[in-house]
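Each remark here refers to the structure printed beneath this line.
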Amino acid sequence: MSQFKAWIDEHFKGDPIIWGIVILLSLFSILVVYSATGSLAYKYAGGNTELYLVRHSALVFVSLGVMWLAHKVPYRNYALYARLAMYLSMPLLLITYLFGSNINEANRWLTIPVINQAFQPSDLAKLALIAALAAMLARRQNNIKDFKSTFLPIIIAIGVICALIGLANMSTAILLLSTCLLIMFIGRVPVKYLLVVVMVGVLGLTAAIFLGQRGETFQSRITDFVESSSDDSKIPFQAEQSYIAIATGGITGKGPGNSEQRNSLPHPYSDFIYAIIIEEYGMIGGVAVLFLYLALLYRGMRIVANSNKAFGGLLSAGLSFALVIQALVNMAVAVGLGPITGLPLPLLSMGGTSLVFTGISLGIILSVSRGDHQDELQTGTAMNRPKLKAAI
C-alpha cells in the first residue's frame, strides 16, 4: 500500500482535490452521456448505443492523459507556448470563419487532415489568450500603469481575438472577455483601463453582431429570454423541454438511464446535459455537480493565494474562472436563469477536441500547484511571499 501511495505521489503531483474532482466528473460524464445519446444512436448509428459510449469514453481518457502530460510541464514554459499559440490562433480563426465547416449556420470548425477530426480554433484561442494575458501582466507588474508599453498590447490582443471569435460564436467571445477582465482586475490593472477594455469589447462585439454569422441568432435569443420571462407561451422549445426534465426529476430523480426528455430535448448530451442530470439524479445530483464546480473554483483560487509568482497566480485564476464560469452559465441556461447560449458543460458534456483543451487547462492549473509546492520545498518556507508583485 505504501508503495502504491509513493507511486501516486511521484506521478500525480499538484492539488490532490482537483485531481479527485476532475476524475469524478469525468467518470460521471461517461455515465450521463451514455444515457443521453440513446436517441442519437438510433437516429445516426442504427441503434448502436455502445458506439457513442466507446467514442466518448476514449475522448475522456485522452483528455485525462493530456491533463497528466500538461501538469508535468513546468508552468513557466507556458508563457512562451501561449504567445506562439495566440499568434497561431488569429489566422486560424480567420480561416475558420471564411472556409471552415458550417454547422448550425456558423463556421466554427476546422478539420485536421489525416485523422479527420474537427476542432474549434476558438478553444485554442481562448486558452492561448488567457495564458498570454497572464504572462504579459506578470512581466509588467512594475509598470502596470504605463498605457503604451503595458496596456496597449494587452487591449489589442483581447480585442482582435474576441472579435474574431464573436463573428461565429458570440457567447464564447463574451465569456472570454469577462474572464480577461477578471484576470486584469486581479493583476492590479487600474480601473480606468478596465473601463477602456469594456468599451472596446462592447464596440468589437457589437460589430461582430452586425458583421458576423450569428448576430440575428444572438439577438433573437436575448429577445426570447426577455419575452419568456413575462409570457410562458413564448418560452423557446429547448428551454421548455429542459424545464420539463428538471420538474419531473424531483428531489431524487428517475434513476440512471431513465430520462424521457432525452428523446425530445435538442442536444441533451452537450448543451442541456445538466437538465438530464437533474431528471435522472434529481436536485441532489444537480446540487452535487454544482458543488464540485464551486469546489474546483475554490481550489483554483487557493492556488492563486498560495502562489509565489505573479504568472502562476494569474494563470491559475484565469483558467479556473474560464472553466467554472462556463459551467455556471450552462447550468443557468438549463434552469432558466439565462438565455440559450450553446455552451457545453466542461468535463461533462460530450465533445471532441473541446474535452482535450479542457484537459490542457486543468493540467496547467495543476502544473502551477505542483511548481509552487516544489518552490516551497526548495526555499523551505512560504512566508513573506511577494504574491502578484513577483515576476515570472
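FYI, it's all coordinate maths here, none of it is from the lab. Since this is a predicted model, take the numbers as computed values, not measurements. Cβ coordinates were reconstructed from backbone atoms using ideal geometry, including for glycine residues, and neighbour counts include every protein chain displayed.
Note on N258 and L88: the model spin-label points, each 7 Å out from Cα along the C-beta direction, lie 4.8 nm apart. The packing ranking, built from the mean of other Cβ atoms within 10 Å per residue, places the peptides 278-288, 254-264 in the order 278-288, 254-264, highest first.
Charging the Cβ of each Asp and Glu at -1 and of each Lys and Arg at +1, and nothing else, the dipole of the stretch 77-213 about its Cα centre rounds to 520 debye. For the pair H267 and T248, the difference between a 0.36 nm per residue extended length and the Cα-Cα distance amounts to 5.0 nm. Around the Cα centre of the chain, unit charges on the Cβ atoms of Lys, Arg, Asp and Glu (plus for the first two, minus for the last two) sum to a dipole of about 1540 debye.
Were the residues from L294 through S230 laid out at 0.36 nm apart, the gain over their Cα-Cα distance would be 20.0 nm. Take the Cβ atoms of I95 and K192, set R0 to 51 Å, and the FRET efficiency comes out at 0.90.
Derived scalar couplings between HN and Hα for the stretch 39-53 equal 5, 5, 5, 6, 7, 10, 10, x, x, 7, 5, 6, 4, 6, 4 Hz in order, rounded to whole Hz, by the Karplus curve 6.51 cos²θ - 1.76 cosθ + 1.60 (θ = phi - 60°), x for Gly and Pro. Put simply, the Cα atoms of the stretch 59-210 extend 47, 43, 22 Å along their principal axes, the longest span coming first.
Total lysine pairs in the chain at Cα distances under 17 Å, for residues eight or more apart or on different chains: 7.
From the Kirkwood radius over Cα pairs of the stretch 122-242, Stokes-Einstein at 10 °C and 1.306 mPa s returns a whole-number translational diffusion coefficient of 101 µm²/s.
Using R0 = 35 Å, the C-beta based FRET efficiency linking V202 and L27 works out to 0.30. Toward the positive end of the charge dipole of the chain, with +1 on the Cβ of Lys and Arg and -1 on the Cβ of Asp and Glu, the farthest Cα among Q238, M301, I174 is that of M301. Rounded to the nearest 20, the size of the Cβ-charge dipole of the stretch 257-345 about its Cα centre is 500 debye, with Lys and Arg at +1 and Asp and Glu at -1.
Over all directions, the projected convex hull of the C-alpha atoms in the chain averages 21.2 nm² in area.
The residue list Q141, P91, I183 was ranked by how far each Cα lies along the charge dipole of the stretch 89-191 toward its positive end, using unit charges on Cβ atoms, and Q141 comes out on top.
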